[in-house]
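Let me begin by presenting the structure, written as structure tokens, before commenting on it.
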Amino acid sequence: MQVGIKVQSPQFPKLLKNTSGLFQINEVSADPAYSSRNNHDIVDELGGKPFILFKKNATGKARGSKQWNRAFHYFQLHKDEFLEHYHKRSNAETTFSAIKMKFSETLKSRNHTAQVNEMLCKIIAYNITVLIREFIEMGADPELLSLISLKKEFSISRYDN
């Protein structure tokens, strides 16, 4: 790294590239902390459209980034449509907040692998609580769910004729 160059959101490119190895990148929504020409270019290189909110002092000057220029002008000309895409991130933020409220913000595990597993368990547990709540709110018979799963289990059984 050269002296005088500020690295913005250094984790973003690696996370995005790792994600693109598992999923097709269509859109990326991010808050202004991730607003840089480099991040816009990385999203574009991976086949996605960046909906990264611009900082208040941002300009359309490309400085070598055609994607930055395109995104900035799209933001200026179609602000409502841009914000509709950008605000999809609110779903993820709301989910993270709910998980933290239900299971606390901290991870108790010490090593990285255990922390990842602990977080995945929290996500699974949260999803189960959401399913149970929705099942109850819909007034569904709890035995219906067990009958459906039993039927599926036996219909794919190797003993099925």
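The H on the amide N of Glu27, modeled in the peptide plane, is under 5 Å from the matching H of Lys49, each at least 5 residues off or on a different chain.
With neighbours defined as other Cβ atoms within 10 Å of a residue's Cβ, the residues Lys122, Lys100 order from fewest to most as Lys100, Lys122. Of the GluC sites (Glu not before Pro) found in the stretch 49-151, those in coil by DSSP whose Cβ has at most 11 other Cβ atoms within 10 Å are Glu105.
Each residue, Lys100 and His85, gets one label point 7 Å from its Cα in the Cβ direction; the gap between the two is 2.7 nm.
Mean shadow of the stretch 11-87, computed from the convex hull of its alpha carbons, in nm²?
4.8
When the listed pairs Lys14/Lys122; Lys56/Lys88; Lys14/Lys55; Lys17/Lys88; Lys49/Lys108; Lys56/Lys102 are checked against a 31 Å cut-off, the alpha-carbon distance exceeds it for Lys49/Lys108; Lys56/Lys102.
Taking each residue as 0.36 nm, the span from Lys17 to Glu93 lengthens on full extension beyond its C-alpha to C-alpha distance by 25.3 nm.
Coupling constants for the stretch 93-108 follow from the phi torsions by the Karplus curve (6.51 cos²θ - 1.76 cosθ + 1.60, θ = phi - 60°), and in residue order they are 4, 5, 5, 4, 5, 5, 5, 5, 5, 7, 10, 6, 7, 9, 9, 7 Hz; glycine and proline get x. A simple rule links phi to the HN-Hα coupling: the Karplus curve 6.51 cos²θ - 1.76 cosθ + 1.60 with θ = phi - 60°, which for the stretch 116-131 gives 4, 5, 4, 5, 4, 5, 4, 5, 4, 4, 4, 4, 5, 5, 5, 4 Hz, with x for Gly and Pro. For the stretch 31-43, putting each phi into the Karplus relation 6.51 cos²θ - 1.76 cosθ + 1.60 with θ = phi - 60° gives couplings of 7, x, 4, 9, 7, 8, 4, 4, 5, 4, 5, 5, 4 Hz, in residue order, rounded to whole numbers and with x for Gly and Pro.
Values quoted throughout were computed directly from the atomic coordinates according to the rules given, and no laboratory measurement underlies them. This is a predicted model, so every value here is computed, not measured. Cβ atoms come from the backbone with ideal geometry, glycine included; neighbour counts cover every protein chain shown.
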